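Reviewing the structure listed below.
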Amino acid sequence: MIVVTSESIAGKRIVRTLGLVRGNTVRARHIGRDILAGLRNIVGGEVHEYAKLVAESREQSLERMITEAEELGANAVIATRFTTSVLM
């Protein structure tokens, strides 16, 4: 499956639009990671625990989006966008 952020794919022609596909995911933080992140926040630097959580969430979202696209019979997804939100 070709997945791109651009509006087109060089050398390819879009012959049909099949619709919108999504790859939503919601993740909960882990108390152990929160404690480590809090300590790291005191001394500064990257919070690796949260960076890993964001990367895992992005990969799961991509997998879900690709699955939806395949179910529609697509061979590519164009104009892919990621949005991150915090729910409390």
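In this structure, the amide hydrogen of VAL77, modeled 1.01 Å from its nitrogen in the peptide plane, lies closer than 5 angstrom to those of ILE2, VAL3, VAL4, counting only residues at least 5 positions away or on a different chain. Within segment 69-86, what residues put their amide N at less than 17 Å from the label point 7 Å along the Cα-to-Cβ vector of ALA10? In segment 69-86, the label zone of ALA10 (backbone N under 17 Å from the point 7 Å along Cα→Cβ) covers 79. In order along segment 50-66, the phi-based Karplus estimate (6.51 cos²θ - 1.76 cosθ + 1.60, θ = phi - 60°) of 3J(HN,Hα) comes to 6, 4, 5, 4, 5, 4, 5, 5, 4, 5, 5, 4, 4, 4, 5, 5, 4 Hz; Gly and Pro are listed as x. Maximal additional length on extending the HIS48-GLU70 stretch stands at 4.6 nm, based on 0.36 nm per residue less the C-alpha distance.
Here, each number is a calculation from the coordinates, and none is a lab measurement. The structure presented is a predicted model; accordingly, all values stated were derived computationally and were not measured. A quick note on method: Cβ atoms are made from the backbone with ideal geometry, for glycine too, and the neighbour counts reach across all protein chains shown.
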